[in-house]
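The block underneath contains the structure these notes are about, expressed in structure tokens.
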Amino acid sequence: MIETGDVDVVCGDYLAELTMLILAKAQAREGGVGYARTFLTQVEQILAGCTERGIRIVANAGGLDPAGLAGAVRAVAAAQGIAVRVAHVEGDDLRGDLSAIDPPVGRTPVSANAYLGAWGIAEALAAGADVVVTGRVTDASLVVGPAAWWHGWAPDGWDALAGAVVAGHVIECGPQATGGNYPFLHEITDRRRPGFPIAEVAADGSSVITKPDGTGGLVSVGTVTAQLLYEIGPPAYPGPDVTAHFDTIRLERAGEHRVAISGVRGSPPPDTLKVALNDVGGYRNTMTLVLTGLDIEAKAAWAEELLFGILDRDAFDDVDVRLLRFDRPDAGSNPEATAHLRITVKGADRRLVGRGFSNATMELALGGYAGFHTTTPPTDATAFGIYRPARVPRTAVTHAVVLPDGTRRTVADPPTSGPIQPQVTAPPPVGEQSNGAAGEQSRAATRRVPLGAVAGARSGDKGGDANIGIWARDDAGHDWLAAFLTPQRIRELLGPEAAGLDVEVFDLPNLRAVNVVVHGLLGDGVASSTRPDPQAKGLGEYLRSRLVDVPAQLLPG
């Protein structure tokens, strides 16, 4: 990026909800630090090149100790003989005072961080910082801050700020915007390692997404759409600086590997900030028993009965048993005849959850079902965390920036809209259209094909919820998707695990897409989830694999 990208700022997003828990554990150990050490390795590699080219570095790798990371960056620069001005942003860590958090905090969390915005970053850059490190700011703030500084935006420039939020959302996951995790593999003709994305942000907040010349991957309307739909909820997307309205986004191809983003509207942000809380939940352990050949279900039931004859099932806080069927009749190879019985236990007693549980599974080896073996030897327990979302009034948070000369400034809040409001631009409820093209298509001749024959998808986690963004290739396809993918249909397609869950479906016609939020699918978040795919990364591809009746006119000839 530095050698070939022709960029003014390189930014890096290091913090996920799970990362904050990992950093809290690291910080608690003797000699541990609360920031992302990998960032320092990268700084060692790029600092000289950035200094030579006048490129600024902005990253949220400070985690739970941005001041400590700022000091470590200075040490790296001194060791390389480079004069560098380093600033850091702080104020997100609320562990010192939890009283204002809503809902009220019961037990003391191991991490509690408000999501700060972009203006501390902008102030640091305006003061001449070459490197700005932060704690928990929103992912998009790493782009909004530099754009606001460069163009001199006002805190109430809602549309420009919203456009930068969208640009930041596109590039925050690196090559996911340049062909990574993209469902239409045939479109990616350059299969080399994808280049990282670049956002060229204009003075009005519009942008062009591209990548360095000569790098692999693909930047297209499709790859940008996929990333726009990643880990979002309703179209009105509230942040600390602005509420960006994703249903106003317009995309257009602007050349090879160039996609223009325009039309984004913004409105004032709420007067509260999102808070991520992480608790230590206890211990967990998983053992996977392999079942082969005939009578799979009977073998699984007997194994479960035998195991919890040895162990007291009620001694665990949670027991999750899943029979995963990969087997097929008259399989052509031994592996194709196998299924997995995946058993996960959780509890406060490390010994019981650890070798107490895994050793007990091995007692079935000689006295259980025919063909018994496991995918791993007996394993020990590991600690897991519980994620809780909350909010806090802005008045309870002191957003501050420490400038290169050591001066500490409080960052003013932008104008706000009060409490979170319903979305401003609400489309018709999905699935309730009664006429038009969608109605005509529903009566047309259909073919039973995978949903992925006419739609792409990108899925991920939002705390304990899962999101699936689904998009069509043309307007007719979108009209059919918007009518077809009702909440009940989503529950049916996702199967038993979604049967009793609340599902919301939001229409995004400008993107020819709908966004699905499945509430509670991931339980208490990725660190606690017992799903084989705890972050729902494969959920979209599973949905695309389901057979549905699609109007024949939407299918390729």
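Quote the Stokes-Einstein diffusion coefficient, in whole µm² s⁻¹, for the chain, based on the Kirkwood radius over alpha carbon pairs, a temperature of 37 °C and a viscosity of 0.692 mPa s. Mind dumping the intermediate values first?
Values: Rh = 25.5 Å.
Diffusion coefficient, whole number: 129 µm²/s.
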Exercise for the section: Provide the solvent-accessible area of Leu98, counting protein heavy atoms only and rolling a 1.4 Å probe, rounded to the nearest 10 Å². Expected result: 40
Completion exercise
For Ile22 and Arg350, extending 7 Å from Cα along the Cα-Cβ vector and measuring point to point gives, in nm, a value of 2.1
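If you roll a 1.4 Å probe over the chain with all protein chains in place, what percent of the accessible area is carbon or sulfur? Mind dumping the intermediate values first?
Details: 12070 of 23860 Å².
Answer for the chain is 51 percent, counting heavy atoms of protein chains only.
Could you compute the net charge surrounding Tyr542? Neighbours are other residues with a C-beta less than 12 Å from the C-beta of Tyr542; K and R count +1, D and E count -1.
+1
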Problem - Average Cα contact separation per residue, segment 39-148, under 8 Å, 6 or more apart, as relative contact order % - result: 36
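How do Cys50, Cys11 rank by accessible surface area computed with a 1.4 Å probe, from largest to smallest? Can you show the working numbers first?
Working: Cys50 5, Cys11 60 Å².
So, going from the largest accessible area down, we get Cys11, Cys50.
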Handout entry: Placed amide H near Thr446: partners under 5 Å, 5+ positions off or other chain
Key = Ala552
Handout entry: Förster-model FRET efficiency, 30 Å R0, Glu3 and Ala126, C-beta, rounded to 0.05
Key = 0.65
Practice task
First measure r as the distance between the Cβ atoms of Gln42 and Ala412, then evaluate 1/(1 + (r/R0)^6) with R0 = 45 Å and state the FRET efficiency to the nearest 0.05.
Solution key: 0.90
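Counting heavy atoms of the protein chains only and a 1.4 Å probe, report the per residue accessible area for the chain as a whole number of Å². Don't jump to the answer; show the numbers that get you there.
Numbers: 23860 Å² over 557 residues.
That works out to 43 Å² for each residue.
Mind putting a number on the dipole of the chain about its Cα centre? Charges go on the C-beta only, +1 for Lys and Arg and -1 for Asp and Glu, and I need it in Debye to the nearest 20.
Details: 48 positive and 65 negative charges, 119 e Å.
Taking the Cα centre of the chain as origin, the dipole is about 580 debye.
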Completion exercise
Pseudo-spin-label distance Ala453 to Glu336, built 7 Å along Cα→Cβ, given in nm, is 2.4
Practice task
Consider all pairwise Cα distances in segment 102-200 and report the whole-number % of them above 16 Å.
Solution key: 65
Exercise for the section: Enumerate the residues in segment 518-554 having an amide nitrogen under 15 Å from the point lying 7 Å beyond the Cα of Asp318 toward its Cβ. Expected result: 520-536
Completion exercise
A chain fully extended from Asp549 to Asp533 at 0.36 nm per residue, minus the present Cα-Cα distance, gains in nm 3.0 nm
Handout entry: Two-site label geometry, Thr379 and Glu187: point separation in nm, points 7 Å out along Cα→Cβ
Key = 3.6
Handout entry: Binned Cα-Cα distances of segment 1-89, short to long, each 10 Å bin given as a whole percent
Key = 16, 48, 28, 8, 0
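The values are calculated or read from the model by the stated rules, or taken from the named source; none is laboratory data. Keep in mind the model is a prediction, meaning the values are calculated, not measured. Heads up, the Cβs are rebuilt from the backbone with ideal geometry, glycines too, and the neighbour counts pull from every protein chain shown. Note: accessible area is taken over every heavy atom of the protein model, side chains too, but ligands, DNA and RNA are not part of it. Shrake-Rupley method; radii C 1.70, N 1.55, O 1.52, S 1.80 Å.
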